[in-house]
Every structure is written in C-alpha cells, then in structure tokens.
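The values are calculated or read from the model by the stated rules, or taken from the named source; none is laboratory data. Keep in mind that what you see is a predicted model, and the values were worked out from it rather than measured. When we count neighbours, we look across all protein chains shown, and the Cβ atoms used for this are built from the backbone with ideal geometry, even at glycine. The protein model used for the area step is the full one, side chains on, heavy atoms only, and it has no ligands, DNA or RNA in it. Shrake-Rupley method; radii C 1.70, N 1.55, O 1.52, S 1.80 Å.
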Amino acid sequence: RTAVSPTMAAQEDPDLLRILIATDNHLGVHEKDQVRKDDAFITFREIFEIAKQQNVDAVFLGGDLFDVNKPSRETMVRTMEILQEYCMNDRPVQLEVLSDQTVNFPRRGVVNYEDPNLNVGLPVFMIHGNHDDPAGAENLSAIDLLSTCGLVNYFGKHVLTGSGTGKIKIKPVLMRKGNTKLALYGLGYIRDARLHQMFSVKGNVEWARPEDKPGFSSKSWFNTMLIHQNRVHHSPKNAISERYLPSWLDLVVWGHEHECLVEPTEYGDFVVSQPGSSVVTSLIEGEAKQKQVMILEVRADKDAPDD
C-alpha cells in the first residue's frame with residue numbers, strides 16, 4: 001500500500017467524491033502476544049494516514065472493527081485516540097446528508113459533523129460485523145460507544161420485526177457532494193442461516209430507494225452497499241449469495257471474508273469488491289496475499305447530472 005498525493009483534479013473538482021473503504025480491521029487481535037499486539041493498530045493508523053494524504057471526503061468501514069465483542073479498555077482507548085487524531089479537526093466537510101438522519105442514525109439522530117458540539121473533519125460511516133455485533137437488552141455494541149462519543153457514524157443495525165424469521169427494511173444514507181449523489185446501504189451482520197432464510201421468503205427483506213423528485217432522479221444515485229456476511233459457501237444455508245441483492249445496486253463492498261479481492265468484479269448488473277482484512281489474523285492461504293484498502297471515486301456526469 002503506497003500512498004500518493006491526491007491529484008490536482010481531485011482537489012479542484014467540486015463534484016468528485018472520494019472515499020476510502022476498508023473492512024475487518026480486528027483491532028485488539030493478538031492482544032496478549034507481545035510481538036504482534038500492535039499490528040492491527042499500526043495498520044489502522046496507516047489506513048487513516050492514507051485517507052489524510054489522499055484527501056478523501058469520508059471513510060467507510062465494513063464491519064469487524066474490533067476482534068472481540070467486548071474489547072479491552074486498552075483496545076478501546078487506542079482506537080478512540082486514532083479516530084480522534086485523524087477525524088476531529090477544522091477541515092471542512094463537503095458532504096451533505098439528505099436522508100432522514102433520525103432514521104439513519106437512530107441513537108444520535110444526526111450525522112456527527114453536523115453536531116454543533118463536535119468538530120469533525122473526516123467522517124467515518126460504518127456497520128458492525130460478527131465479531132462486534134450488538135447484544136443485550138438494549139442491543140448495543142462497542143461501536144455504539146464510538147458513536148456516542150461522536151467519533152463514527154454507525155448505521156446498518158436492523159431491528160428484526162414480524163414473526164418467525166423476521167423482517168427488515170434497508171434504508172440508505174443519502175449523501176451529496178456538489179452534483180454527485182451516493183446512496184449508501186448498510187447491512188450489519190445477521191446470523192447467516194437466519195438471513196439466508198429471510199432472503200428466501202419474498203417480502204422479508206425490503207429495500208427503500210430514493211424517490212424521484214425535481215433535480216433528484218432515482219437514476220442519478222450511485223448505489224453502494226456495505227455487507228458483512230459469509231460469501232464463501234461453507235454449507236448451503238450458511239452464506240449469502242450475490243443473487244439475493246438487487247440488480248440496481250452499482251457497488252457492493254463485501255466484508256467478513258479476509259482474502260483480499262479488492263479489484264471490483266462484475267456480478268450481473270453490479271460489481272463486488274472484497275477488500276479483505278487489513279491485518280493477518282490467522283495463518284491461512286487467503287490471508288497470505290498483500291493487504292489493501294480501496295479508494296472509490298464517484299463523479300456526476302457534468303452533461304447530465306440527474307441521469
């Protein structure tokens with residue numbers, strides 16, 4: 001991963017949306033190993049150093065920020081220190097959230113950089129994974145602590161409704177920079193067998209799409225999804241297939257799988273990127289490849305910004 005300076009075009013184009021995407025950071029992994037305990041934090045800092053040098057507008061994290069459901073106090077403090085160092089500053093945020101923020105971020109009710117009590121220069125949007133999923137009577141996770149402190153924007157946590165398997169409705173975070181519009185869908189980890197069954201029953205998984213409005217055609221949105229589920233089929237019902245996802249998506253960022261397959265590959269009408277874990281967590285072939293992050297650039301068509 002060699003970070004380079006952002007181009008002049010990226011700095012001057014008011015419609016160019018640049019996002020750094022990473023998944024499976026596993027902060028706190030090997031915490032009791034005196035040789036490897038710092039690896040995940042060194043990498044996490046490097047990721048945000050790249051974000052800073054590349055002058056990105058936001059960072060998307062695709063789940064498993066932490067290695068365990070209840071991170072140690074040392075892991076929490078080190079994580080918060082890095083986020084505070086790189087995210088809290090006077091840099092103006094060019095993104096505007098157009099969707100209902102009380103729906104997108106129900107506990108805080110507002111995106112962190114619009115909170116008058118905070119000074120956020122680099123917004124982070126993230127979902128949870130299977131290692132840091134919410135639990136308990138209040139359905140809380142360690143990520144909720146980061147969100148309450150205003151360090152991240154936590155979305156994609158769905159409360160299952162209905163009887164039996166349950167139902168969910170996935171609503172996007174709608175964001176705009178200049179004339180460029182991005183709809184960000186998030187699906188934090190749900191037990192694979194249960195989600196597989198939900199997708200198998202028509203109507204159990206609903207998708208909300210941006211409405212057609214003057215100057216806001218539904219076709220003008222770049223539809224991106226963060227998902228954290230088994231992609232490799234360990235058994236027929238213990239993985240989620242790409243065929244369950246709607247064809248109108250443009251980009252699917254797949255977390256959970258640790259092998260780095262970051263180059264987008266076509267699947268029907270959309271492409272899938274699997275960034276993989278940012279740190280080695282086990283000695284398997286899939287983790288032997290070079291670790292990478294992804295820089296996504298989206299720009300509206302200047303001649304037809306609403307198409």
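Could you list, in sequence order, all residues of region 200-233 that are open to solvent by 40 Å² or more (accessible area, probe 1.4 Å), in a strand (DSSP E or B) and under 17 Å from Ser247 (Cα atoms)?
Across region 200-233, the qualifying residues are Glu206, Trp207, Phe222.
For residues that are open to solvent by less than 50 Å² (accessible area, probe 1.4 Å), farther than 19 Å from Gly156 by Cβ, over 15 Å from the mean Cα position of the chain (by Cα) and of a type outside the set (Asp, Glu), tally how many sit in region 115-140.
Here the count works out to 3.
Which residue is farthest from Pro123 (Cα to Cα), if the candidates are limited to region 137-157 and must be touching a strand residue (DSSP E or B) at 6+ places or on another chain (Cβ under 6 Å) and in a loop (DSSP other than H, G, I, E, B)?
Out of the qualifying residues, it is Gly156.
Restricting to region 158-195, count the residues that are hydroxyl-bearing (Ser, Thr, Tyr), buried (at least 16 other Cβ atoms within 10 Å of the Cβ) and not in a loop (DSSP other than H, G, I, E, B).
Number satisfying all stated conditions: 2.
Do we find a residue being part of a strand (DSSP E or B) and within 19 Å of Phe44 (Cβ to Cβ) anywhere in region 262-271?
yes
Residue under question is Val253, and the condition is that it be open to solvent by less than 30 Å² (accessible area, probe 1.4 Å), in contact with a Gly (Cβ under 9 Å, 6 or more places away or on another chain) and either over 23 Å from Ile190 (Cα atoms) or in contact (Cβ under 8 Å) with a residue 12 or more places away in the chain (or both); does it hold?
Spelling it out, Val253 is indeed open to solvent by less than 30 Å² (accessible area, probe 1.4 Å), in contact with a Gly (Cβ under 9 Å, 6 or more places away or on another chain) and either over 23 Å from Ile190 (Cα atoms) or in contact (Cβ under 8 Å) with a residue 12 or more places away in the chain (or both).
I'm trying to understand the selection: among the residues of region 249-298, which are of a type in the set (D, E, K, R) and farther than 27 Å from Asp39 by Cα?
Asp250, Glu266, Asp269, Glu297
Can you confirm whether Val298 is of a type in the set (Val, Ile, Thr), open to solvent by 70 Å² or more (accessible area, probe 1.4 Å) and over 16 Å from Ala22 (Cβ atoms)?
Numbers: of a type in the set (Val, Ile, Thr): yes; open to solvent by 70 Å² or more (accessible area, probe 1.4 Å): no; over 16 Å from Ala22 (Cβ atoms): yes.
No: the conditions fail for Val298.
Could you please let me know if Asp38 is touching an Asp or Glu at 6+ places or on another chain (Cβ under 7 Å) and at pLDDT below 95? Talk me through it step by step, then tell me what you get.
Numbers: touching an Asp or Glu at 6+ places or on another chain (Cβ under 7 Å): no; at pLDDT below 95: yes.
Against the criterion (touching an Asp or Glu at 6+ places or on another chain (Cβ under 7 Å) and at pLDDT below 95), Asp38 does not qualify.
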